[in-house]
């Protein structure tokens, strides 16, 4: 699906300022934000309330986030996608749920005979690796660089991404922090 060198440090550091909980508006410590790469805008108490599902359904919560989020199982199979992600992809929920990540994002390699997750390219996929690591270890990853070779019916695009992951509700929440044209590192000239 996607390939990139994984950010060994787990991505960018959490913000140092205290933020307010998106649900109860109390302050959230920076360590909570760092621990929750995707749901960092929710305090511990509200998060426990959401986890117990005694409050709002997960999809309603995800739709309340203004960034694209995909909830996957440990094998990068989509379970839920919020409205911003569906809008970004130009898809409906039935075109996402139960499909592998490469099929959801229209990765060029997912269209090979082996399929998403089975090609030689998949072992280096930063998104697949981030989802798997977070699912196994429970460790959130922040702004991991990745790239996507997207195969559209009319064009081939190379996109650069920054992604964050968090394990919650027995799934991995994958947030798209940034998406744009793939940028190659500039070579330094001899003249500086």
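The values are calculated or read from the model by the stated rules, or taken from the named source; none is laboratory data. Because the structure is predicted, anything quoted here is derived from the model rather than measured. So basically every Cβ, Gly included, is an ideal-geometry build from the backbone, and we count neighbours across all protein chains shown.
General remarks:
- Scan segment 115-132 for residues that are closer than 22 Å to residue 166 by Cα and in contact (Cβ under 8 Å) with a residue 24 or more places away in the chain and the total you get is 12.
- Near pairs, Cβ below 6 angstrom, 6+ apart or cross-chain, from segment 103-114 (free of Cβ contacts under 8 Å to residues at least 40 places away in the same chain) to any residue that is surrounded by 16 or more Cβ atoms within 10 Å (Cβ to Cβ) and part of a loop (DSSP other than H, G, I, E, B): 103/116; 104/96; 112/119
- Looking at segment 41-140, the helices (runs of 4 or more DSSP H) lying wholly inside it that each contain 1 or more residues that are surrounded by 18 or more Cβ atoms within 10 Å (Cβ to Cβ) and either at positive phi or at pLDDT below 85 (or both) sit at 44-51, 58-63.
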